[in-house]
Amino acid sequence: MIQAVKGMNDVRPGAAEAFLDSAVWDYVTSRAAEVLNGYAYRQVRLPLLEETALFARGIGEDTDIVSKEMYSLTDRGDRSLTLRPEGTAGAVRAYVEHALGKTDAVQRWWYLGPMFRAEAPQKGRYRQFYQVGAELFGVAAPQADAEMLVMLNALCRHLEVTDVSVRVNCLGDAESRERYRAVLQEYLRGRASELCETCQRRFATNPLRVLDCKRATCRAVVTAAPDILASLSEASRVHFDLVQQLATAAGVSFVRDPHLVRGLDYYTGTIFELATAALGAQDAIVGGGRYDDLVAELGGPPTPAVGFAAGIERLALLVAKRVEHKDLAWWSGPHLYLAPMAGAEARAMALADEVRRLGPWRVEVDVSGGRVKNQMRRADKVGALAAIVLGEDELAKGAAMLKNLRSLAKGDDSQVQIALKGGELVAALAQLARER
Ligand code: AMP
């Protein structure tokens with residue numbers, strides 16, 4: 001038997017692990033789309049494969065992603081291509097390629113799709129995982145950074161994801177970062193012997209990466225590291241103050257983490273991370289920030305930008321925790337199940353279509369041609385809200401019994417007679433949907 005590649009999941013109806021149930025994914029992705037569309041972001045669908053150089057230049061050679069996690073391949077034309085490990089580099093590539101700076105530099109984009117990183121798989125960390133993300137190009141003002149934080153706050157609220165902690169920091173402009181690099185290097189040099197091997201090597205080339213090291217020994221060194229605030233230029237400090245003021249005024253709770261850095265090199269000013277204690281080791285659900293230099297670095301005109309990416313699996317894990325597994329079928333199961341006896345099949349199909357035309361009702365017609373008892377067993381199994389058996393009598397009368405399967409499941413045999421008309425059926429279904 002051929003199995004899925006390690007670290008890659010099958011999201012499917014009725015998955016044994018609730019967070020891989022497609023009903024939960026529909027919920028998470030459609031709610032995310034509602035929020036992003038509500039902020040007037042427009043969806044882009046970009047290639048999964050890009051030239052390897054895009055990520056090497058965009059994300060940084062020295063990052064974990066580029067140095068050891070990329071799925072790269074050589075195609076038939078001897079080009080080195082890579083399955084995208086994140087969404088921003090590709091978005092910037094597209095922005096530059098289509099010269100959007102010339103038509104309308106301000107672009108609000110969102111995307112949803114798979115990303116690929118060869119990390120060690122564990123709960124909440126996969127090799128193919130999905131991100132929903134947003135990019136706002138062309139605005140340098142702190143309002144743009146604040147909009148990201150406010151939008152993420154709305155996303156969590158809309159998904160009913162609670163217990164989220166928001167950490168923010170500021171990496172400042174190039175001048176500020178240069179100053180901080182020197183200050184940090186000086187500090188790390190004094191404690192170099194306590195750092196892990198990797199950090200001993202990289203504190204000279206990329207000292208900010210040390211702040212991101214997960215090893216306990218390095219973390220201990222980092223705790224006492226100098227705060228970047230003292231190194232920020234006046235302009236960066238004013239910008240960051242305004243971001244915080246605007247986010248606070250909009251009701252976003254956050255803390256400033258003086259040692260927050262991100263695992264990608266393109267970030268410049270404000271950066272942020274959302275995490276939750278409910279997830280255990282892989283607790284980060286969103287990461288993002290400003291990347292004012294990336295558009296120019298990838299060949300475009302100087303264009304400020306800010307963005308974020310949220311992990312769908314982790315959001316789905318949080319949502320799945322809230323829902324009883326059995327209830328999941330009820331989320332996604334049909335509202336109405338039609339079980340036709342011999343001779344009533346055509347009428348059942350027509351009636352189903354009548355109901356579907358009246359709104360977003362999910363109607364399943366049993367097409368097995370089997371016995372009513374088996375048809376009803378399936379109605380229950382797929383989590384239908386209500387079912388109707390259609391036989392000769394029902395067709396003759398133009399009326400049938402609408403069985404409330406939810407109450408039946410609780411041992412309460414409730415059914416009502418109903419006319420076989422779309423309008424009446426929909427009214428009854430709406431009533432049942434409210435009750436569940
Ligand atoms: P990053 O692109 O590394 O800033 O990650 C942004 C978000 O994507 C994280 O906060 C996670 O929610 C999610 N994420 C990153 N890597 C993985 C992974 N390997 N598996 C699942 N989710 C991930």
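The values are calculated or read from the model by the stated rules, or taken from the named source; none is laboratory data. This is a predicted model, so every value here is computed, not measured. Cβ atoms come from the backbone with ideal geometry, glycine included; neighbour counts cover every protein chain shown.
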Problem - Evaluation of residue 297 against (1) touching a strand residue (DSSP E or B) at 6+ places or on another chain (Cβ under 7 Å); (2) away from the ligand (no atom under 13 Å from the Cβ) (one fails), failing number - result: (1)
Exercise for the section: Kindly provide the set of residues from segment 84-120 that are of a type outside the set (Phe, Trp, Tyr), within 13 Å of the ligand (Cβ to nearest atom) and assigned to a strand (DSSP E or B), ordered by number. Expected result: 112, 113, 114, 115
Practice task
Please work out if residue 81 is touching a strand residue (DSSP E or B) at 6+ places or on another chain (Cβ under 7 Å) and in a strand (DSSP E or B).
Solution key: yes
Problem - Residue ranges of helices (runs of 4 or more DSSP H) in segment 319-433 with at least 2 members under 37 Å from the mean Cα position of the chain (by Cα), among the charged types (D, E, K, R) and farther than 30 Å from residue 163 by Cα - result: 345-357, 372-381
Practice task
Mind telling me which of the residues 56, 89, 94 ends up being in contact with a strand residue (DSSP E or B) (Cβ under 8 Å, 6 or more places away or on another chain) and surrounded by 12 or more Cβ atoms within 10 Å (Cβ to Cβ)?
Solution key: 89
Completion exercise
The condition from (1) assigned to a helix (DSSP H, G or I); (2) under 21 Å from residue 284 (Cα atoms); (3) of a type outside the set (D, E, K, R) that residue 261 misses is numbered (1)
Problem - Residue that is farthest from the ligand (Cβ to nearest atom) [pool: residues in segment 137-150 that are surrounded by 22 or more Cβ atoms within 10 Å (Cβ to Cβ) and closer than 15 Å to residue 310 by Cα] - result: 149
Problem - Test set (1) of a type in the set (Gly, Ala, Ser); (2) more than 13 Å from residue 428 (Cβ to Cβ); (3) crowded, with 16+ Cβ neighbours inside 10 Å - residue 387 fails condition number - result: (2)
Handout entry: Criterion violated by residue 287 - all others in (1) closer than 20 Å to residue 63 by Cβ; (2) of a type outside the set (A, V, I, L, M); (3) at pLDDT below 95 satisfied
Key = (3)
Exercise for the section: State whether one or more residues within segment 204-219 are surrounded by 14 or more Cβ atoms within 10 Å (Cβ to Cβ) and touching a residue at least 60 places away in the same chain (Cβ under 8 Å). Expected result: yes
Exercise for the section: Could you tell me whether residue 43 is within 13 Å of the ligand (Cβ to nearest atom) and surrounded by fewer than 16 Cβ atoms within 10 Å (Cβ to Cβ)? Expected result: no
Practice task
Answer with yes or no whether residue 165 is at pLDDT 90 or above, among the small types (Gly, Ala, Ser) and closer than 30 Å to residue 19 by Cβ.
Solution key: yes
Completion exercise
(1) among the aliphatic types (A, V, I, L, M); (2) free of Cβ contacts under 8 Å to residues at least 60 places away in the same chain; (3) within 16 Å of the ligand (Cβ to nearest atom) all hold for residue 184 apart from (3)
Fill in the blank from the handout: When (1) touching a Ser or Thr at 6+ places or on another chain (Cβ under 8 Å); (2) crowded, with 22+ Cβ neighbours inside 10 Å are applied to residue 166, the one that fails is (2)
